[in-house]
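Take a look at the structure set out below.
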Amino acid sequence: MTEYSNQGSKDTRSGFGEALAELGRQNPNVVALCADLTGSLKMDAFAAAFPDRFFQVGIAEANMMGIASGLTIGGKIPFTGTFANFSTGRVYDQIRQAIAYSKKNVKICASHAGITLGEDGATHQIMEDLGLMKMLPNLVVINPCDFNQTKAATLAIASYEGPVYLRFGRPKWPNFTAAGQPFVIGKALLLNKGADVSIFATGHLVWYALQACRILEEKGIHAEIINIHTIKPLDEEAILASVRKTGCVVSAEEHLRNGGLGDSIAQLLARELPSPMEMVAVNDQFGQSGKPEELLKKYGLDVPDIVEAVLKVISRK
């Protein structure tokens with residue numbers, strides 16, 4: 001298999017913070033808004049360098065979305081920042097009505113997503129955000145896998161005209177993609193070629209999929225690993241091309257089974273290419289407080305869970 005080495009663990013939210021500061025230097029129309037979580041979102045550098053373009057709205061997330069929508073009318077490119085739970089569930093109506101419906105050029109940037117928020121527990125974790133956001137017309141949904149890809153994605157969405165939901169995380173996580181790799185919205189990335197099973201992973205679980213691939217190689221199973229960093233628009237061509245070759249599918253994501261990446265892939269395959277499929281995702285549960293790695297294991301999102309799903313789906317071919 002293709003080898004990917006951990007270049008050092010970094011939190012993906014720092015990739016967002018570095019890119020936001022870089023965008024501030026590149027484009028005077030980029031502005032940033034935060035709902036009382038500047039440090040947590042790593043927006044400090046932007047706030048310090050461009051105080052006249054940074055708006056601390058306080059714990060008023062709905063107002064933040066409305067302000068961001070209004071700023072686009074004057075040609076600004078607003079990046080909003082708060083936890084994923086508060087970026088989606090708390091403000092769904094405002095996003096739907098003021099941003100998605102009217103195609104406002106707002107970049108909704110959400111940290112502390114999924115179960116790896118960890119010790120803050122179920123009230124702050126969110127595992128349904130991708131589903132909430134992908135159901136809204138006009139909204140692009142992106143879930144990068146590591147620090148480098150989060151930075152690249154943040155830079156890329158500034159040039160895209162239209163609303164975007166960008167999801168990233170809290171914990172330090174292996175940084176394994178190439179620095180400076182171009183980020184193309186809607187274009188999946190083939191990480192490893194294989195002919196026995198297609199593993200489509202997103203976010204933190206891309207690294208786990210690569211670890212599972214090594215274990216499967218030892219069992220004589222050659223897995224094709226594809227990083228689906230853009231949930232919407234989905235790279236249907238890449239998915240279908242892979243499944244036509246392998247004949248079976250495993251999806252892996254830090255999200256509920258309902259509404260996530262696996263759900264989108266299943267719909268595509270049902271229409272175009274019915275195939276055996278297993279989903280590594282959380283099964284209709286809220287999270288709880290705990291260390292990120294322990295929670296991933298508890299809720300069935302660990303490397304052995306991906307391996308088990310592959311063995312099961314191959315038996316169904």
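The values are calculated or read from the model by the stated rules, or taken from the named source; none is laboratory data. Please read these numbers as outputs of a predicted model, since none were measured by experiment. Neighbour counts are summed over all protein chains in view; Cβ atoms, including those assigned to glycine, are modelled from backbone coordinates with ideal geometry.
Numbers for the structure displayed
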| quantity | calculated |
| --- | --- |
| Residue in region 172-226 that is nearest to T116 (Cα to Cα), counting only those that are of a type in the set (V, I, T) and part of a helix (DSSP H, G or I) | V206 |
| Qualifying residue in region 55-78 (condition: buried (at least 22 other Cβ atoms within 10 Å of the Cβ), in contact with a helix residue (DSSP H, G or I) (Cβ under 9 Å, 6 or more places away or on another chain) and in a strand (DSSP E or B)) | yes |
| Counted residues, region 237-291 - those being assigned to a strand (DSSP E or B) and surrounded by fewer than 18 Cβ atoms within 10 Å (Cβ to Cβ) | 0 |
| Failed condition for A156, given (1) surrounded by fewer than 24 Cβ atoms within 10 Å (Cβ to Cβ); (2) at pLDDT 95 or above; (3) small (G, A, S); (4) not in a helix (DSSP H, G or I) | (4) |
| Residue identified as in contact (Cβ under 8 Å) with a residue 60 or more places away in the chain, closer than 25 Å to N227 by Cβ and out of contact with any Lys or Arg (no Cβ under 9 Å at 6 or more places or on another chain) among G114, G131, G121 | G131 |
| Condition check for V91: under 19 Å from the mean Cα position of the chain (by Cα) and among the aliphatic types (A, V, I, L, M) | yes |
| Residue check, A122 among the small types (G, A, S) and outside any loop (DSSP other than H, G, I, E, B) | no |
| L189 being surrounded by 14 or more Cβ atoms within 10 Å (Cβ to Cβ), over 30 Å from K297 (Cα atoms) and touching a residue at least 24 places away in the same chain (Cβ under 8 Å) | no |
| For A122: the one exception among (1) surrounded by fewer than 24 Cβ atoms within 10 Å (Cβ to Cβ); (2) on the phi < 0 side of the Ramachandran plot; (3) at pLDDT 95 or above | (3) |
